[in-house]
Amino acid sequence: IFLFAISDPSSASKLPIPSVKSAGMGICEWLLTILSFLFIIMTFPISVWFCMKVVREYERAIVFRLGHLLPGRAKGPGLFFFLPCLDTYHKIDLRLKTLEIPFHQVVTKDMVTLEIDAVCYYRLENASLLLTTLTSISSAIQLLVQTTTNIHGISRSSSLWP
């Protein structure tokens, strides 16, 4: 059984994420944001239901404005505001997840073939980093666990059993 925590190392957290939007907004984005706010104000009683979203305790929402990741942390838990015409959001579940790794063969140093399977428990910590860098978390974890078990398979078979 393997336990992984997916997070960014402390040195990597100081590096800027390439898809994060710069601090300044362009003139086109200012214009679209103002028009979107005016539209929300004009249709206020109805539009407020489309602009407010709820994120549960175990979820985080990542907001993209015009395709760029908004600076700052992931939204949640609680209520957050977004512009439906300009923003899109993705909810990421931060609960502990399991992934079953199927049987695969490993050859040890003394040329013994073993069939190994594994169960991987993982928890996501940095939702925005996950969403901007990985396309499929389950396949990435599965490949990581398989390579880890292959590296452990290099040892002698006598060291595997007491």
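The values are calculated or read from the model by the stated rules, or taken from the named source; none is laboratory data. Please read these numbers as outputs of a predicted model, since none were measured by experiment. Cβ atoms come from the backbone with ideal geometry, glycine included; neighbour counts cover every protein chain shown. Accessible surface areas use protein heavy atoms only, side chains included; no ligands, DNA or RNA. Shrake-Rupley method; radii C 1.70, N 1.55, O 1.52, S 1.80 Å.
Values as computed for the structure displayed
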quantity	calculated
Residue count for segment 66-97, restricted to those that are open to solvent by 80 Å² or more (accessible area, probe 1.4 Å) and modelled with pLDDT of 85 or more	6
So P102, is it of a type outside the set (A, V, I, L, M, F, W, C), modelled with pLDDT under 85 and under 15 Å from L130 (Cα atoms)	no
Which numbered condition D117 fails, given (1) farther than 17 Å from L143 by Cβ; (2) open to solvent by 30 Å² or more (accessible area, probe 1.4 Å); (3) touching a strand residue (DSSP E or B) at 6+ places or on another chain (Cβ under 6 Å)	(1)
Every pair of residues 6+ apart whose Cβ atoms lie under 7 Å, when the first sits in segment 60-85 and is within 19 Å of S47 (Cα to Cα) while the second is in a loop (DSSP other than H, G, I, E, B) and β-branched (V, I, T)	none
Candidates F44, F39, F50, filtered to the one that is among the hydrophobic types (A, V, I, L, M, F, W, C), in contact (Cβ under 8 Å) with a residue 40 or more places away in the chain and open to solvent by 90 Å² or more (accessible area, probe 1.4 Å)	F39
Number of the exception - Y122 against (1) in contact with a helix residue (DSSP H, G or I) (Cβ under 7 Å, 6 or more places away or on another chain); (2) surrounded by fewer than 12 Cβ atoms within 10 Å (Cβ to Cβ); (3) not hydrophobic (A, V, I, L, M, F, W, C)	(2)
Among (1) at pLDDT 75 or above; (2) open to solvent by less than 80 Å² (accessible area, probe 1.4 Å); (3) not in a helix (DSSP H, G or I) - the single one T135 does not satisfy	(2)
Lone unmet requirement of (1) without any contact (Cβ under 8 Å) to a residue 60 or more places away in the chain; (2) in contact with a helix residue (DSSP H, G or I) (Cβ under 6 Å, 6 or more places away or on another chain); (3) not basic (K, R) for D117	(2)
